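Asker: Here it is: the structure, laid out below.
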Amino acid sequence: MCGIMGYIGEENAKDIVISGLEDLEYRGYDSAGIAIVNNESINIRKSVGSPSELRKLTGNEFGNIAIGHTRWATHGAATAENAHPHTSESGLFTIVHNGIIENFAELKAVLESDGIIFRSDTDTEVIAHLLEKNYNGDLKGTVSQVLKMLVGSYALAILCRDYSDTVICAKLSSPLFVGTAEEGSFIASDVSAIAEKSHRLYRLNDNEIGLVKKGELKVFDLDGCRIRKNEIKLKAFDKNDGKCGYEHFMLKEIHEQPTAIRNTLKEIITENNQVFFKNFHLSSKAIDELNNIIFVACGSAFHVGFVGSYLCERILHKTSSACVASEFRYKKPHLDGNTLAVIISQSGETADTLAALRIAKMQGAKTVSIVNVENSTIAQESDNVIMTRAGKEIAVATTKAYSAQLAVVYSLIFYLAQKNKSITKSQSEEFIRELKSIPEIEEKILSQSTGFYKYSEQIIQAKYICFIGRSFDYCTAMEASLKLKEISYIPCEVYPAGELKHGTISLVDKNSLIFALCCCEEIKAKTQSNINEVISRGADVICVSHDGEISVPYTDDIFCPMLEIIPLQLIAYYTAKKKNCEIDKPRNLAKSVTVE
């Protein structure tokens, strides 16, 4: 959540920082702000909404140093007063912050007892006042002292009026990167915002403080000891090349799913249809001894993991489950060296998922992470990393990253199953051939994409909407329901089809619309019985099957989630469009969830 951008150098910092904030807008767009250093003064401008509003507010202002912020609100409403940057009482310190300070209430109470008056409802303002209160002329020492008082997570960029040639930054459990070039230095929450501008890129680690000057970075631990940093080596930089004629990024990314899958599989499938993972450290013996595979993720990535858990039981013949990352620690999970924890996160920075990874490692479990960002924290801390090659996803509601994650999960389970002889080499090769054919089948579905617009009016008119399915169909129903909710704001539910008669069917009447997913042939007859039950109560039913109202080409049951989600993504998109919703930036959401 929230995006931080900073610059110090020879160019106009205002333009660089605002452009960077626009690149980081997917991290939050409730409000935005910028602090521009001009000689010895620091000018602050804030706005509610998109960072682009800052261009109007800053006009022709010039400065060689600036820090900025685009906000996803946690503490305090989305107002100009709560927008970052925040300042200390005299204006000595100015800061931007991504994260949550869990003990801010106690710290605020102490500061208020000292007579300090707060101008916002944020937890961030506490940090600014603590910096001024503890300042003794030693900038690095003061920052270190204050950071030791904080409980929670933070990525910080800090200006001090006494150090007009320096931006100081620090992080704990929130991402922060620094790039340097001859003409200046850059600070950002996401490496993609600064990769093209920088000659050298560095990742700040937890409990590190960076002193950033023009073309220079010095890093220290909280005790003041110098740390030598290694550069980040990027294989490729995913540049946002615009909408390419599509009305919205989401529609463009729906159509990019075949390419995302092909690019992902290209790195992990050999020419003779064998799965190969680079730097994979699970021996055949370790795989054979696994007795539990748990998938941990949030949101759409959790739905990918849910597919994985079904697939593990069926193909790998191992006990498997999927757990929402935010609940993982509260289950007090019992893991050991024979457990494989599969961690799924598009950004690789999801706070709850990262916490789950650390718990799994602490308990001795083997870990594999599936991420789309090479230098992310989850990628750095996992025993094994498998990259998705979805490219940069701009729309907040994921589509192509979801499909790329599915492709990796299938490949991983086929690999494990062949290694432990749950399937033969020829069976694995057949599965892989069918997986490689999925993009072409998706393209056939996408070629009819405008035909799904007709369902939007039916959805808008319904009083009650529910998605149902069994087995792999149920996995897809979960993701389809989420897509409709997050971009059209229409409440809808999702249930295993067999659960309807255990209470939920009481909601079904003539004003109900039921999306019934029944592409899995082996249980299609049972789902059809549930369809008949809701029809007899007066509900309208839209059936997604190989021969239904929404027809999906035939494939093996296990691959149904990769195909049947495509028309349901498009239906959600067209419904949101008909309602004039902000499709690429749904209200209250952010792309990268880096707070718990």
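Asker: If you check Gly391 against the conditions, is it within 14 Å of the chain's Cα centre (by Cα), closer than 18 Å to Ser173 by Cβ and surrounded by 19 or more Cβ atoms within 10 Å (Cβ to Cβ)? Quick ask: steps written out before the conclusion?
Answerer: Working: within 14 Å of the chain's Cα centre (by Cα): yes; closer than 18 Å to Ser173 by Cβ: no; surrounded by 19 or more Cβ atoms within 10 Å (Cβ to Cβ): yes.
Criteria not met by Gly391.
Asker: Out of all the residues in segment 557-578, is one or more free of Cβ contacts under 8 Å to residues at least 60 places away in the same chain and either in the same structural domain as Ile254 (by TED's automatic domain parsing) or under 21 Å from Ile465 (Cβ atoms) (or both)? I'd like the intermediate steps shown before the answer.
Answerer: Within segment 557-578, the subset free of Cβ contacts under 8 Å to residues at least 60 places away in the same chain is none.
Scanning segment 557-578 turns up no residue that is free of Cβ contacts under 8 Å to residues at least 60 places away in the same chain and either in the same structural domain as Ile254 (by TED's automatic domain parsing) or under 21 Å from Ile465 (Cβ atoms) (or both).
Asker: Still on this structure, please answer the following. Name, by its number, the condition in (1) surrounded by 21 or more Cβ atoms within 10 Å (Cβ to Cβ); (2) within 19 Å of Ala35 (Cα to Cα); (3) not polar (S, T, N, Q) that does not hold for Glu132.
Answerer: Unmet condition: (1).
Asker: When the residues of segment 261-271 are filtered to those that are among the polar types (S, T, N, Q) and touching a residue at least 60 places away in the same chain (Cβ under 8 Å), which remaining residue is farthest from Gln405 (Cα to Cα)?
Answerer: Residue satisfying both the conditions and the ranking: Asn263.
Asker: Hand me the list of helices (runs of 4 or more DSSP H) wholly inside segment 400-472 holding 2 or more residues that are surrounded by fewer than 17 Cβ atoms within 10 Å (Cβ to Cβ).
Answerer: Those helices (runs of 4 or more DSSP H) span 425-446, 455-461.
Asker: Separate question: Which condition number in (1) under 25 Å from Ser153 (Cα atoms); (2) under 24 Å from the mean Cα position of the chain (by Cα) is the one that Ser52 fails?
Answerer: Tallying (1) under 25 Å from Ser153 (Cα atoms); (2) under 24 Å from the mean Cα position of the chain (by Cα), Ser52 fails exactly one: (1).
Asker: A follow-up question, please. Among residues belonging to segment 369-387 that are of a type in the set (A, V, I, L, M) and surrounded by fewer than 24 Cβ atoms within 10 Å (Cβ to Cβ), point out the one that is nearest to the chain's Cα centre (by Cα).
Answerer: Our first condition is that a residue be of a type in the set (A, V, I, L, M); within segment 369-387, this holds for 370-371, 373, 378-379, 385-387.
If we keep only those that are surrounded by fewer than 24 Cβ atoms within 10 Å (Cβ to Cβ) as well, we get 373, 379, 385, 387.
Values: Val373: 10, Ala379: 13, Val385: 17, Met387: 14 Å.
Within segment 369-387, the match that is nearest to the chain's Cα centre (by Cα) is Val373.
Asker: Of the residues that sit in segment 102-129 and are closer than 18 Å to His84 by Cβ and of a type in the set (Ser, Thr, Tyr), which one is surrounded by the fewest Cβ atoms within 10 Å (Cβ to Cβ)?
Answerer: Out of the qualifying residues, it is Ser120.
Asker: Let me ask something else about it. Go over the candidates Thr79, Thr74 one by one and state the one that is out of contact with any strand residue (DSSP E or B) (no Cβ under 7 Å at 6 or more places or on another chain), among the β-branched types (Val, Ile, Thr) and farther than 23 Å from Val167 by Cβ.
Answerer: On the way: Thr79 fails: out of contact with any strand residue (DSSP E or B) (no Cβ under 7 Å at 6 or more places or on another chain).
From the options Thr79, Thr74, the qualifying one is Thr74.
Asker: If you take just the helices (runs of 4 or more DSSP H) that sit entirely in segment 261-347, which of them hold at least 1 residues that are buried (at least 22 other Cβ atoms within 10 Å of the Cβ) and within 19 Å of the chain's Cα centre (by Cα)?
Answerer: Ranges flagged: 299-311, 325-328.
Asker: How many of the residues making up segment 94-129 are without any contact (Cβ under 8 Å) to a residue 24 or more places away in the chain and under 21 Å from Ala66 (Cα atoms)? Show your work before the answer.
Answerer: Taking segment 94-129 and keeping what is without any contact (Cβ under 8 Å) to a residue 24 or more places away in the chain, we get 105-106, 108-115, 118.
Cutting the leftovers down to under 21 Å from Ala66 (Cα atoms) gives us none.
Number of matching residues: 0.
Asker: Within the set of pairs 6 or more residues apart or between chains, which connect a residue that is in the same structural domain as Ser90 (by TED's automatic domain parsing) inside segment 132-159 to a residue that is surrounded by fewer than 18 Cβ atoms within 10 Å (Cβ to Cβ) and among the small types (Gly, Ala, Ser) with Cβ atoms less than 8 Å apart?
Answerer: Qualifying pairs under 8 Å: Glu132/Ser90; Lys140/Gly224; Gly141/Gly224; Ser144/Gly224.
Asker: So, of the residues in segment 130-186 that are part of a loop (DSSP other than H, G, I, E, B) and among the basic types (Lys, Arg), which turns out to be farthest from the chain's Cα centre (by Cα)?
Answerer: Arg161
Asker: Output the number of the condition that Val396 fails; it satisfies all remaining conditions of (1) in contact with a Leu (Cβ under 7 Å, 6 or more places away or on another chain); (2) without any contact (Cβ under 8 Å) to a residue 40 or more places away in the chain; (3) assigned to a loop (DSSP other than H, G, I, E, B).
Answerer: (2)
Asker: Could you check Ala73 against (1) buried (at least 19 other Cβ atoms within 10 Å of the Cβ); (2) at pLDDT 95 or above; (3) part of a loop (DSSP other than H, G, I, E, B) and say which number it fails?
Answerer: (2)
The values are calculated or read from the model by the stated rules, or taken from the named source; none is laboratory data. On a predicted model such as this, the values are computed, not experimentally measured, just so you know. Note: ideal-geometry Cβ built from the backbone for every residue, glycine included; neighbour counts use all protein chains shown.
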